[in-house]
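S.K.: Just dropping this structure here.
Every number here is computed from the coordinates shown, using simple stated rules; none is lab data. Just so it is clear, the model here is predicted, and its values are computed rather than measured. Virtual Cβ from ideal backbone geometry, glycine too; neighbours counted across all protein chains shown.
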Amino acid sequence: MTETQLEIQKITLSNQHGMSVDLTNFGATIMSINVPDKYGTLGDVVIGYNQPEDYRDKDNPSMGVPGRYAGRIGGGSFHLEGVDYTLDQNNGRNCLHGGNNSLYKTTWNIEALSPQSVTFGCISPEGDGGNGIDRTGFPGNLDVRVTYTLNDNNAITIRYEAETDKPTVLNLTNHTYFNLAGEASGRNVTDLIVTMPAKEYLAVDAEMLPHEIVPVAGTPFDFTTPKPLSHALAHTDDPQINIAGGGIDHTFLIPDYDGTTLRLAAHAEDLESGRSMDVYTTELSMQVYTPNSLATIPTKDGTKQHGRHDAICFETQHLPDSPNHPEYPTTILKPGERYTSETMYQFSVQAAR
Ligand code: BGC
């Protein structure tokens, strides 16, 4: 991104149920989500920092909106309309999350703000994702907007919009690290009960690039009925869990994709706190990521470091490396077209009996 003088700010949205969401325009990032547990006590379910500048200054495993292309682009290159484009190789020989100057490391404009909604916008100039020397970066100047809205039903909707002045590729997501038990609870996500309607997932190769779309049936990736995450995490003998270092870092295909209808992608429930979250999206698929280490990030009260499997990310998006897979649904955006995508995180609570 170009240098900008924009001030890094923290914004708080709150609804009539006392739920609140803190965000920063640095990376269009969700900093915290305060939701009640079964006793009505508010708790923060997001791993991150207290100060918005910390997302710039401290370790930041893509906590905001990664882009221009969330996930990996193999070999850090792709071919589009007769031209070869080369990107930062920031993940082995591949490009991850759009390269070194990803959108989650960018200070966005605050374009609109009201008590329950904020719109962040930025221009990602042509060449973003490259180095200005021997890596071309992405084509086209991209005008991007992300709107977060907190409604009175304890749901956060995220609406993405973008336009370009040259054909380009684009894949946007939200990379919030959730822990429904509470970020300072000391409990990891192993016991989180997860249900996902996905009947297929994307098996990866040793470089975490797409290998093959395969059925989840009979694998540790089958969450078509409710199961604790340990159903996958404990399967360290499974080659796919093994490739991801003993966790999940895989794309699940969400049934009934039509580009505009919000469909259920996941239901996650923490039995002890009674908190649950439903993920709905218009997107084709969802990267589910259980980080194997968050050791550089402390709890927000500063008392503990985070550990293995302390969070889960539900990253709704298109398939990784689609620019190199013409058989996958397209991620190409052309001038005159408008990219739109929407995801909703719906929170609820199972009342104490
Ligand atoms: C990727 C992981 C990566 C993580 C943090 C996820 O979306 O799939 O491989 O480690 O983001 O950047």
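S.K.: Among PHE223, TYR49, MET63, whose Cα projects farthest towards the positive end of the dipole of the chain, with charges put on the beta-carbon of Lys, Arg (+1) and Asp, Glu (-1)?
M.R.: Going by the Cα projections, it comes out as TYR49.
S.K.: Let me ask something else about it. Spelling out what I want: for every residue of segment 122-136, take phi, set θ = phi - 60°, compute 6.51 cos²θ - 1.76 cosθ + 1.60 (Karplus), and round to whole Hz; glycine and proline get x.
M.R.: With the stated coefficients, segment 122-136 comes to 7, 9, 9, x, 3, x, 4, x, x, 10, x, 10, 10, 10, 5 Hz.
S.K.: In whole Å, how far is the Cα centre of segment 86-112 from that of segment 198-263?
M.R.: Between the Cα centres of segment 86-112 and segment 198-263 lies a distance of 25 Å.
S.K.: So if I place +1 on the C-beta of Lys and Arg and -1 on the C-beta of Asp and Glu, and nothing else carries charge, what would the dipole magnitude of the chain be about its Cα centre? I want it in debye, nearest 20.
M.R.: 560
S.K.: Now a separate question. Go through LYS38/LYS304; LYS10/LYS105; LYS58/LYS300 and tell me which ones have a Cα-Cα distance over 21 Å in this structure.
M.R.: LYS38/LYS304
S.K.: Can you tell me which lysines have their Cα less than 18 Å from the Cα of LYS227? Leave out same-chain residues fewer than eight positions away.
M.R.: LYS199
S.K.: A further question on this structure: For LYS166, list the lysines whose Cα falls under 20 Å from its own Cα; do not include residues on the same chain fewer than 8 positions away.
M.R.: Counting by Cα, and skipping residues close in sequence, LYS166 has these lysines nearby: LYS334.
S.K.: Then there is this: Give me the compactness ratio for the chain, meaning the Cα radius of gyration over 2.2 N^0.38 Å.
M.R.: Relative to the rule-of-thumb radius for its length, the chain sits at 0.93.
S.K.: Here is a follow-up. Collect residues whose amide H, placed 1.01 Å from N in the peptide plane, falls under 5 Å from the amide H of HIS250; neighbours closer than 5 in sequence don't count.
M.R.: Residues meeting the criterion, in which the H sits 1.01 Å from N, are VAL288.
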